Amino acid sequence: MNRWILGMLMGLGLSNPLIAADTIPPAADRYGKETQEVPHFQRHVLPLMGRLGCNGRACHGSFQGQGGFRLSLFGYDFKIDHEALVAGDNPRVDLKNVEQSLMLDKPSSDEQDFHGGGKRMAKNGWEYRLLKRWVEAGAKSVDEANDPQFVRLEVTPLETVFGKIGETTQMKVLSHWSDGTVEDVTCLCRFTTNDDAVAKVDLGGKITIIGKGDTHIVAFYDNGVVPVSVLLPVSDKANENYPKVTTPTKVDELVVNKLRKLGVVPSEVCSDTDFLRRVSLDMTGALPTADEVRAFIADSSADKRSRKVDELLARPAYAAWWATKLCDILGNSENQIRNNPVGSPYEQWYQWVNRQVAKNVHYDDPVEGVVLAVSPTSKDQSFIDYCKETTAFALGDKNFSDRDTMPWYWARQNMRKTSEKALSFSYAFLGVRLQCAECHKHPFDQWSQQDFQQFTAFFNRVNYGATERDETQKLLAALGADNKKLGNNERQKIFAAAAKSGKVVPHSEVYIAPAPRTNAKREKEKAASGTRVITPKVLGGEELVDAAYQDPREPLMDWLRDKNNPYFARAFVNRVWSNYFNVGIVEPADDMNLANAPSNKELLDWLAASFIEHDYDMHWLHRTIALSDTYQRSWSTNETNEVDIRNFSHMVPRRLQAEAVYDAVIAATAGGAELTKRADDPVANCAIGLSKGYTVRGGGGTYALNVFGKPKRETPCDCERSNEPSLLQTVYLRNDGELFRTLERNNGWLSELTKAVAKAGQPEAKTDTKKVTAQIAELEKELAKATRKGRKDDASKLKKEIASLQQKLKPSKDKPNEKLVAPPTVAKMVEEAYLRTFSRLPNQDELASAEKYIADSADQPTGIRDLVWALINSKEFLVNH
């Protein structure tokens, strides 16, 4: 048995350790009286200083310290803290005059100005006695080679359901160590509440419920972080009083299990029109067309929602929208990849991701295509052949999306440092924010600065730049681009002209540098001297030997795919869930730290495990969420769920994302020709795809997208995209010239209505039979050609055009020139406006009000234009509900 543990047990009067109690009593009890037990620096001294606030962010744990004295944040660095206390420039320990040690004297002083942090402990209290005994015994540090290692933290109870406001419960926290010892460390922990409107916790770990709802209390000790669920039912319908709620899917079952404890009754399932609008916007980023809404309303089949989900997943708009979302996460920014001679890496990146989504390539495969990417498409590809192929990609002679890998992720300006690579990787694929651990112990998770450095070591050999400098110089000289006085723009023009003329243009590469040679003797000397030897280590996993892998990212990818990985699958399913509900099971969705516990752990665990079981099938995940009653709940609330925003008892209305808002305005006002064009190419010029926005005029859409929160993709954080309302958004929709030009464009619906009203009462134009017959003949030739060459999509479009023209040749029952153009009825125009904007028919009051307004307007076109403007400026249009 470890000598330190034996000494401690002897100090407690337990002469025979073999018959000692299983759990060592709390330090507060042991040091509440005189004792010869010597506290341990890691187990007792540093945690106590954390509990007292000494090494917190507001005191000596801050980056600059306080009063010329600095500790590591929350005591993560034993060596630094021990040196600061015992041997620093301003030591807090006096081994000769123990009671004059500043670490005892200042925080126990009654003098207000003596200690900036005020009085933190009572003189001769157990905290004072513990610290004093440590100093008396020589103020020893941690023997990292021989002392037991911290294993885990155990907290009871892990969940408490309270009965009424004011009730309390006491937490008990046990620390487990590598030698098998267990100690009650409740009095040495830090505690915090995640919602002080629901529950509070005192220094001793006593929880008091102060409001209805649920939250977590978090216990911190050493490297352990454990959240504890606490809740108080919001109604008298909890548990045995809960009404019967159908749970047709596993998702529903797990959600209702939580709601039952809270006494929250979920809302009813939403209407068909609410479902259609909601799922269309969430899954494809686009509004359903008016005809699509009419057809869905008329469909009486029981499985129409399921069929609609499958239909949406097969649409190009689904691939476009989710490629955009994945590019948000991956950081695909046109401003971040520079020094590329020809072509657009931004567009190539998007098209590659789009193809993966469109083909429903299972999520782990495109992730591998990014994680393990290098620029050459084969191991034996020469530099010249690589440059030729990359130029062919840029010119469109070869399709970049056919590549197995996508290297541009590693070529960004904000990925040049290894620390930047680690931060981006953990954000994109793990949903973990590691920024804090770059400088100090993460305040809400287990990661230390050394963990960050070891994780960063995976990326030391991943580089982007010129690999064949001699070959590059020869190519530059041949192109006349080797003059150092040339500016970037001039050089780009030379490259563009050379590429178009078929010349080889030099390109930088994403490549893996050779593993550095290691000197075993030197590494041992470093370790012996206390110098850290940084070796790659996955978060929460084992150290790896970098040189054993040709590509150090290979074991990282293997770790991602490991079914026991605590982040990879959970991060993705949580992000997808957040898209459908506007709040993640873990929220924020990119901050999966231990203190930020999921609102429904069982739900997140099941979704992640099932996603892995279904081989990371993205369609399965979307379908599972969208077809649950949980997703299909109405946004209308009842008395039990009106304040619920985290347990998915009803749909919370949320503002449309930037691209969806802009496209919705365009779609709601699109004319017949535009609708036909979109039917053939649904994402052409749509903001949800690669386009910067539908161009009504030069540069149209860019300003609008910025106003509505489209991210620049420059930092690894979901917070770059903003869905918050702003005054600028209101001004844009109500009064911006671009908005009015969009409404009144020549090929728009409102212009068509104006023309239709003007033609009302005039004779219909006669069909030019000869012209239509000739058009049919030409199209039939094209159809025959398309059929021979197997171009099925083209053939299908041609058949539709021929059928439309043949319809014009059918004889009319009316005599020529006697049929008059009927004016569009006001009711039909109002119905169309509502279907286009709200994806539903107007109710009787809305219809009557709109008809009256149009009747009172200067003319019908002006009235209907004002109506459409008003609908677009309404909350119902701007939110998904």
In the range 150-182, the residues that are charged (D, E, K, R) and in a strand (DSSP E or B): Arg152, Glu154, Glu159, Lys172
Residues of the range 387-438 that turn out to be under 24 Å from Gly343 (Cα atoms), surrounded by 18 or more Cβ atoms within 10 Å (Cβ to Cβ) and among the hydrophobic types (A, V, I, L, M, F, W, C), as a count: 9
Residue check, Ala858 hydrophobic (A, V, I, L, M, F, W, C), modelled with pLDDT of 80 or more and touching a Pro at 6+ places or on another chain (Cβ under 7 Å): no
Some residue of the range 620-631 being open to solvent by 30 Å² or more (accessible area, probe 1.4 Å) and without any contact (Cβ under 8 Å) to a residue 40 or more places away in the chain: yes
Per-region count, the range 183-220, residues outside any strand (DSSP E or B) and either in contact with a Lys or Arg (Cβ under 9 Å, 6 or more places away or on another chain) or closer than 22 Å to Glu127 by Cβ (or both): 11
Any hit, the range 129-138, residues being farther than 30 Å from Glu37 by Cα, surrounded by 16 or more Cβ atoms within 10 Å (Cβ to Cβ) and touching a Pro at 6+ places or on another chain (Cβ under 8 Å): no
Residue check for Ser301: closer than 30 Å to Asp482 by Cβ, among the hydroxyl-bearing types (Ser, Thr, Tyr) and not in a helix (DSSP H, G or I): no
Residues of the range 260-303 satisfying the condition of being hydrophobic (A, V, I, L, M, F, W, C) and over 27 Å from Ala667 (Cβ atoms): Leu262, Val264, Val265, Ala302
Residue ID - surrounded by the most Cβ atoms within 10 Å (Cβ to Cβ), chosen from residues in the range 265-274 that are of a type outside the set (S, T, N, Q) and more than 28 Å from the chain's Cα centre (by Cα): Val265
Residue under evaluation Ser636, criteria (1) more than 24 Å from Ile217 (Cα to Cα); (2) assigned to a helix (DSSP H, G or I); (3) open to solvent by 20 Å² or more (accessible area, probe 1.4 Å), criterion not met: (2)
Condition broken by Gln64, with the remaining ones in (1) modelled with pLDDT of 80 or more; (2) not in a helix (DSSP H, G or I) satisfied: (1)
Hey, Asp299 open to solvent by 40 Å² or more (accessible area, probe 1.4 Å) and more than 13 Å from Ser649 (Cβ to Cβ) or not: yes
Helices (runs of 4 or more DSSP H) wholly inside the range 747-834 containing at least 3 residues that are exposed (fewer than 13 other Cβ atoms within 10 Å of the Cβ) and at pLDDT below 80: 792-809
Residue check for Lys96: basic (Lys, Arg) and modelled with pLDDT of 85 or more: yes
Residue in the range 221-234 that is at pLDDT 95 or above and part of a loop (DSSP other than H, G, I, E, B) present: yes
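To keep it simple, each residue is scored yes or no on (1) among the polar types (S, T, N, Q); (2) in contact (Cβ under 8 Å) with a residue 60 or more places away in the chain.
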residue: Gln356; (1), (2): yes, no
residue: Asn360; (1), (2): yes, yes
residue: Tyr363; (1), (2): no, yes
residue: Ala373; (1), (2): no, yes
residue: Thr377; (1), (2): yes, no
residue: Glu389; (1), (2): no, no
residue: Phe393; (1), (2): no, no
residue: Asn399; (1), (2): yes, no
residue: Arg403; (1), (2): no, no
Exclusive hit being closer than 27 Å to Glu468 by Cα, under 19 Å from the mean Cα position of the chain (by Cα) and either open to solvent by less than 50 Å² (accessible area, probe 1.4 Å) or β-branched (Val, Ile, Thr) (or both), set Val374, Val353, Val370, Val357: Val370
Condition met for Glu368 (assigned to a helix (DSSP H, G or I) and either of a type in the set (S, T, N, Q) or out of contact with any helix residue (DSSP H, G or I) (no Cβ under 9 Å at 6 or more places or on another chain) (or both)): no
Among residues of the range 835-881, those that are out of contact with any Gly (no Cβ under 7 Å at 6 or more places or on another chain) and part of a helix (DSSP H, G or I), counted: 31
Given (1) of a type outside the set (A, V, I, L, M, F, W, C); (2) modelled with pLDDT of 50 or more; (3) surrounded by fewer than 23 Cβ atoms within 10 Å (Cβ to Cβ); (4) more than 15 Å from Glu183 (Cβ to Cβ), index of the condition Arg3 fails: (2)
Unmet criterion (only one of (1) within 21 Å of Ser280 (Cα to Cα); (2) buried (at least 17 other Cβ atoms within 10 Å of the Cβ); (3) not basic (Lys, Arg)) for Tyr616: (1)
Condition broken by Trp126, with the remaining ones in (1) open to solvent by 30 Å² or more (accessible area, probe 1.4 Å); (2) modelled with pLDDT under 90; (3) among the hydrophobic types (A, V, I, L, M, F, W, C) satisfied: (2)
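Yes or no, residue by residue, for (1) part of a helix (DSSP H, G or I); (2) at pLDDT below 90; (3) on the phi > 0 side of the Ramachandran plot:
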| site | (1), (2), (3) |
| --- | --- |
| Val510 | no, no, no |
| Pro516 | no, yes, no |
| Ala527 | yes, yes, no |
| Asp558 | yes, no, no |
| Lys563 | no, no, no |
| Ala571 | yes, no, no |
| Asn579 | yes, no, no |
| Met592 | no, yes, no |
| Ala595 | no, yes, no |
Sole exception among (1) open to solvent by less than 10 Å² (accessible area, probe 1.4 Å); (2) in contact (Cβ under 8 Å) with a residue 60 or more places away in the chain for Val256, by number: (2)
Residue match in the range 371-390 (condition: under 30 Å from Ala569 (Cβ atoms) and outside any loop (DSSP other than H, G, I, E, B)): yes
Residue within the range 333-355 that is at pLDDT 95 or above, touching a strand residue (DSSP E or B) at 6+ places or on another chain (Cβ under 6 Å) and in a helix (DSSP H, G or I) present: no
Residues (open to solvent by 40 Å² or more (accessible area, probe 1.4 Å) and not in a loop (DSSP other than H, G, I, E, B)) located in the range 474-495: Lys474, Ala477, Ala478, Asn488, Asn489, Glu490, Arg491, Gln492, Lys493, Ile494
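The values are calculated or read from the model by the stated rules, or taken from the named source; none is laboratory data. The structure presented is a predicted model; accordingly, all values stated were derived computationally and were not measured. As a convention, Cβ positions derive from the backbone with ideal geometry for all residues, glycine included, and neighbour counts pool all protein chains shown. Side chains are part of the model used for accessible areas, which takes the heavy atoms of the whole protein and leaves out ligands, DNA and RNA. Shrake-Rupley method; radii C 1.70, N 1.55, O 1.52, S 1.80 Å.
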